[in-house]
Amino acid sequence: MACEIEPVPATLGATVTGVEIGRLSDPEWHAIEAAFHEYAVLVFPAQHPSRADQVAFGKRFGGLDPLVAATGRVAISNRRADGSLRDAADPLKQILLGNEGWHTDSSYMPISAKASLLSAELVTEEGGETQWADMRAAYDALDDATRDRITELAAYHSLKYSQLRAGFSETAGDYSYGLDVDDPPLRPLVKRHPVTGRAALFIGRHAFGIPGLASDDSEKLLDELLAFACQPPRLWRHTWSAGDLAIWDNRCVLHRARPYDPGVPRILHHTRIAGDAETESAIGPAGS
């Protein structure tokens, strides 16, 4: 069966069928790589990848991000290793709930992530979808006055900020994921993609504190940009089936998890691809 890449009815996203990610031919890989840059989000149904296959496929896009480098693939789950379900006070559960806000992975680290992968092992019958928003198309849709206003602006990015703003505890236990970073990175509000050259908004829940603006004005501008950006036709919502694999481009896409019944177990597996130091480093101060 030949590789088929079918765009979804949005400004981003495509479904890829007719391939096995662990056994890609050179032409298949080149088609997938080109589709990744064009559509920014790719979903591969019914792959059921092993850890080795998922990590090897991810490494085709670049090296592993430090947050997953030890194992290559980490569980994103409300279920502990002993089978019990995490309650609302569990530090990792708080991170999972926070991820229901629009964000891009590792933007709060000195080098932000290039790409992220998720595969589904155990899914819920209702809820638990993943949704993506196209920040390229969002930038294109801005009026000229807004583009001029933001073109030279930057914002700090902090997971500590975003978790506290969402109402979660400052203490994150063994799952700090950067919460102890007191010198957050500063990133431009507009990012130029290093491969395609397209401009995209680089915002999300971790962004705050635009230098030169009062705190309230900064928050208002970032909230308005986020609300404008995350609207149809710039959205794709994927309902998971066991075995699905998705990969997306963090350099031009925001994503969020959708709620599901906390009393129902759910297991996804995450691999994160490190950004290039030349193009994903912060402009200061954590990246200085």
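Here are some notes:
- Cβ separations smaller than 6 Å between residues 6+ apart or across chains give the following pairs from region 8-26 residues that are over 29 Å from Asp140 (Cβ atoms) to residues that are of a type in the set (S, T, N, Q): Ile21/Gln47.
- Matching option when the condition is among the basic types (Lys, Arg), in contact with a Ser or Thr (Cβ under 6 Å, 6 or more places away or on another chain) and surrounded by 16 or more Cβ atoms within 10 Å (Cβ to Cβ), among Arg256, Arg266: Arg266
- Leu42 part of a strand (DSSP E or B) and out of contact with any His (no Cβ under 9 Å at 6 or more places or on another chain): yes
- For the residues Ala227, Ala246, Ala200, Ala242, the requirement of being among the small types (Gly, Ala, Ser) and part of a loop (DSSP other than H, G, I, E, B) singles out Ala242.
- Thr11 meets each of the listed conditions (1) among the hydroxyl-bearing types (Ser, Thr, Tyr); (2) outside any loop (DSSP other than H, G, I, E, B); (3) under 17 Å from Cys252 (Cα atoms) apart from (2).
- Residue check for Gly62: of a type outside the set (Lys, Arg), on the phi > 0 side of the Ramachandran plot, exposed (fewer than 13 other Cβ atoms within 10 Å of the Cβ) and in a loop (DSSP other than H, G, I, E, B): no
We did not get these values from a lab; they are worked out from the coordinates using the rules stated. For clarity, every value in this text was computed on a predicted model and none was experimentally measured. Cβ sites come from the backbone with ideal geometry, for glycine too, and all protein chains shown count toward neighbours.
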